[in-house]
1. Only one residue in Glu36, Glu46 is surrounded by fewer than 17 Cβ atoms within 10 Å (Cβ to Cβ), within 16 Å of the ligand (Cβ to nearest atom) and modelled with pLDDT of 95 or more, so which one is that?
2. Filter region 112-136 down to the residues that are touching a residue at least 24 places away in the same chain (Cβ under 8 Å), part of a loop (DSSP other than H, G, I, E, B) and within 17 Å of the chain's Cα centre (by Cα) and list them by number.
3. Just need a number here: residues in region 29-80 that are closer than 18 Å to Ala96 by Cα and in contact (Cβ under 8 Å) with a residue 60 or more places away in the chain.
4. Can you tell me how many residues in region 1-30 are modelled with pLDDT of 90 or more and among the acidic types (Asp, Glu)?
5. Please go through region 58-76 and give me each residue that is touching a Pro at 6+ places or on another chain (Cβ under 8 Å) and more than 9 Å from the ligand (Cβ to nearest atom), ordered by number.
6. (1) surrounded by 14 or more Cβ atoms within 10 Å (Cβ to Cβ); (2) part of a helix (DSSP H, G or I): which one isn't true of Met139, the others all being true?
7. I'm trying to understand the selection: among the residues of region 156-165, which are closer than 19 Å to Pro71 by Cβ and more than 16 Å from the ligand (Cβ to nearest atom)?
8. Just checking, does region 139-151 include any residue being away from the ligand (no atom under 16 Å from the Cβ) and of a type outside the set (Phe, Trp, Tyr)?
Amino acid sequence: MDKIRILGFAGSLRKASFNKAELLPANAELEIFDLEGIPIFNQDLETTPPEIVSIFKSKIKAADALLIATPEYNYSMPGVLKNAIDWASRPVMENAFYDKPVAIIGASTGFAGSSRAQYHLRQTCVFLNMHPVNKPEFMLPFCKEKIDADGRIADETTRGILAQLLSNLVGWTLRLKPD
Ligand SMILES: Cc1cc2nc3c(=O)[nH]c(=O)nc-3n(C[C@H](O)[C@H](O)[C@H](O)COP(=O)(O)O)c2cc1C
């Protein structure tokens, strides 16, 4: 069977972003799309978007599943991520996210591990008609202490939860589209 193609993107443009670290699915191929360079959304341009947005949308459409990493900014997802989602969701009949399975992960330097941002993102998934994996949730608090300079997570329990989520994403994708 062909590998499940996962497109991952993170709501952070920071070079040393914790939310770009350790995206390692098993039994699947992962391509990471960097949101750097996506301009601020302008609805006047939604039918003629900038090239980078068209590329982003076509990669989303070609993927079997998505993996979205969200930092938490002011108890929500960062504008960088919301802005990219807004572009790719338009025009409404060309919502690139429609019917896509998705896993959501996030890391934050605070104690809540991006959970509040993740629940806002899950709410957005309702309107987009995406299908998020429910469990396990992957929320990494105090990430400065848990992710090293190379973006690696040492803690085995944490690695296990991430691996389980990615495995569930593959299983979920196959259940939704068995062919
Ligand atoms: C504008 C801004 C708002 C933030 N708000 C929160 C927050 O609400 N909760 C939290 O846990 N951390 C918050 N942080 C800290 C982030 O968790 C931290 O900067 C993290 O490293 C961002 O993710 P990144 O490493 O992938 O860029 C905030 C950071 C910024 C810059």
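1. Working: Glu46 fails: within 16 Å of the ligand (Cβ to nearest atom).
Every option except Glu36 fails the conditions.
2. Hits for region 112-136 are Gly113, Ser114, Asn129, Met130, Val133, Lys135, Pro136.
3. Count: 7.
4. In the first step, residues of region 1-30 are kept if they are modelled with pLDDT of 90 or more; the result is 4-12.
This time we only want the ones that are among the acidic types (Asp, Glu), so: none.
Count: 0.
5. Asp64, Ala65, Leu66, Leu67 - these are the residues of region 58-76 that are touching a Pro at 6+ places or on another chain (Cβ under 8 Å) and more than 9 Å from the ligand (Cβ to nearest atom).
6. Of (1) surrounded by 14 or more Cβ atoms within 10 Å (Cβ to Cβ); (2) part of a helix (DSSP H, G or I), only one is false for Met139: (2).
7. Taking region 156-165 as the starting set, the residues that turn out to be closer than 19 Å to Pro71 by Cβ are 158, 161-162, 165.
Selection gives Ile161, Leu165.
8. no
The values are calculated or read from the model by the stated rules, or taken from the named source; none is laboratory data. This one's a predicted model, so the numbers in the text were calculated from it and none came from an experiment. Positions of Cβ are generated from backbone atoms using ideal geometry, with glycine treated the same way; all protein chains shown enter the neighbour counts.
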